[in-house]
Amino acid sequence: MKVDFLIVGAGFTGLTLAERLSNELDASCLVVERRGHLGGNAYDEYDAHGVLVHAYGPHYFRSDQPAVVDYLSRFTGWRPANYQVLSWTRSRYWRFPINLNTFEQLVGRTATEEEFQAYLARVREPVDAPRNSEDVIVSQVGRELYELFFKGYTEKQWRRSPAELDASVCGRIPVRTNRDDRYLRERFQAMPDQGYTALFRRMLAGCRRTMVLLNADYREVRAGVECGQVIYSGAIDEYFGYRAGVLPYRSLRFEAEHFTAEQLAGRESVSGRPGFWQPVVQVNYPNDFDFTRIVEAKHVTGQRCSGTTIVREFPQDYAPGGEAYYPVPNAAARRQYEAYAELAAREPDTLFAGRLATYRYLNMDEVVAQALALAARIKAGWADRRRRVA
Ligand SMILES: Cc1cc2nc3c(=O)[nH]c(=O)nc-3n(C[C@H](O)[C@H](O)[C@H](O)COP(=O)(O)OP(=O)(O)OC[C@H]3O[C@@H](n4cnc5c(N)ncnc54)[C@H](O)[C@@H]3O)c2cc1C
């Protein structure tokens, strides 16, 4: 088989590139995906009870990049979302991320913003330049709140102390002294109105001269495909046969449980709507149980159905052959990745893009932005490349 681009992975990265390159350059693309579906980790599906669930963990779309939102809006409408999170510890729900309501729960009475600021000024441990996730939280809210909400969660999730992880891991979570308890900071926060998989199907339907092979591993397909360039969005260490060692990742195990309307009697969402198991879409369990969080996607998908499905998320160690979910964000892992980045730079006919191929913690909008930028770069050099090949 002969194509212009062999694209590995049918997630946001692979499909954005297939759509752009096939339409903008009239290039032929073959997308190979080793899973049996489109969408990578953002894939969602209806479970056996007809509830729309996120198969690889909750995906909350958010963005401060209008160009990315405009691009994806060609393939989906949006449903505004309020991603609300609570934290369960000391046998009760706490308002989270930390805000004035959380402080009131801590002191057991109503309080003002000024009182909360005075408390923080007293307990925070100033650090000039926070170097890690412990520094970044303790310097904002002090030890008690750090231990209540961050320390145990991070240790469970990463099997490392927050002091061993980049400041960005815990620093992503806002701390506010007012009553704003939105989990995320970005201006645009919304879910694809028909779900992610519907979005991916429309992206693919919009591609010209593109074929997708599901259940196909790149390593098995490569020899039979003649192509101008490979675009690879899988794990970079796997691509190079782990020759600079196995990069550290964290993996996850998901456990779903379904509840019928009868089993939900007496339970409701924070807004008072029946048909929900927990009050909000996500409850964190920093200090109890082996799982880190329980997610009930129905809160944000907007699906109207009488039953519901919750998913418990258990962090797992990773070994090659398993699912690599999170690249480990610390200096040692980055140094190890640099060896692979050097190998990649010497591979002119393969371009590496996406979360696992660039070994970075990237959100969906960031990988789409990265893929759009790469497509623009390829377009800029396209005429030249065609001439050379001819
Ligand atoms: C648990 C979890 C929760 C997340 N929550 C959010 C969130 O709330 N908001 C947000 O913005 N982002 C979130 N993300 C990040 C989001 O999943 C990524 O940004 C996005 O999926 C990356 O897209 P991608 O195409 O680069 O990679 P992926 O989605 O990982 O797709 C890569 C694809 O390549 C395939 N592949 C790999 N190797 C091969 C091979 N050798 N042959 C064939 N196919 C191969 C894989 O099967 C996979 O389908 C979350 C990620 C995880 C793990």
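Quick note: the coordinates plus some simple rules give every number you see, no bench work behind them. What you see is a predicted model; the values in this text were computed from it and never measured. Here Cβ is always computed from backbone atoms with ideal geometry, including for glycine, and neighbour counts include all displayed protein chains.
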Cα Rg over Rh - the chain, Kirkwood: 0.99
Any chance you could give the angle, 0 to 90 degrees and rounded to 10, that helix 331-345 forms with the longest Cα principal axis of the chain? 10 degrees
Which distance in nm do the two modelled labels at Ser306 and Ser73 give, with both placed 7 Å along the Cα-to-Cβ direction? 3.9 nm
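Calculated from DSSP H runs of 4 or more alone, at -39500 (n - 2.57) each and per residue, what is the 222 nm mean residue ellipticity of the chain, nearest 500? Walk me through the numbers on the way to the answer.
Numbers: 13 runs with 128 residues, N = 390.
Helix contribution divided over all residues of the chain: -9500 deg cm²/dmol.
Nearest 20 debye, what's the magnitude of the dipole of the chain about its Cα centre given +1 on Lys and Arg Cβ and -1 on Asp and Glu Cβ? Could you put the intermediate results ahead of the total?
On the way: 51 positive and 49 negative charges, 139 e Å.
Computed about the Cα centre, the dipole is about 660 debye.
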For Glu342 and Arg222, what is the calculated FRET efficiency with R₀ set at 22 Å and r taken between the beta-carbons, to the nearest 0.05? 0.50
Could you give me the ³J(HN,Hα) list for region 282-289, computed from phi with Karplus coefficients 6.51, -1.76, 1.60 and θ = phi - 60°, whole Hz, x at Gly and Pro? 9, 10, 8, 10, x, 10, 10, 6
Would you please give the FRET efficiency between Glu257 and Glu186, computed as 1/(1 + (r/R0)^6) with r the Cβ-Cβ distance and R0 = 25 Å, to the nearest 0.05? 0.25
Taking the Cα atoms only, what angle lies between the long axis of helix 12-24 and the longest principal axis of the chain, rounded to 10 degrees? 40 degrees
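Assuming R0 = 25 Å, can you tell me the calculated FRET efficiency for the pair His49 and Leu214, based on Cβ-Cβ distance, to the nearest 0.05? Please list the in-between numbers first.
Working: r = 25 Å, r/R0 = 0.99.
The formula returns an efficiency of 0.50 here.
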Under the Karplus relation 6.51 cos²θ - 1.76 cosθ + 1.60, θ = phi - 60°, what is the ordered set of whole-Hz ³J(HN,Hα) values for region 120-126, x standing for Gly and Pro? 4, 4, 6, 9, 5, 10, x
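When the chain is fully extended, how far beyond the present Cα-Cα distance does Ala332 get from Asn82, taking 0.36 nm per residue of separation? Intermediate values should be presented prior to the final figure.
Values: separation 250, 0.36 × 250 = 90.00 nm, distance 3.60 nm.
The Ala332-Asn82 span can extend by a further 86.4 nm.
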Gap separating the Cα centres of region 282-318 and region 175-228, nearest whole Å: 21 Å
Identify which of His49, His59, His299 has the largest mean-square fluctuation in a Gaussian network model of the chain, with springs joining Cα atoms closer than 10 Å. His49
Against the longest principal axis of the chain, how steep is helix 196-205, in degrees 0 to 90 to the nearest 10, with axes from Cα atoms? 20 degrees
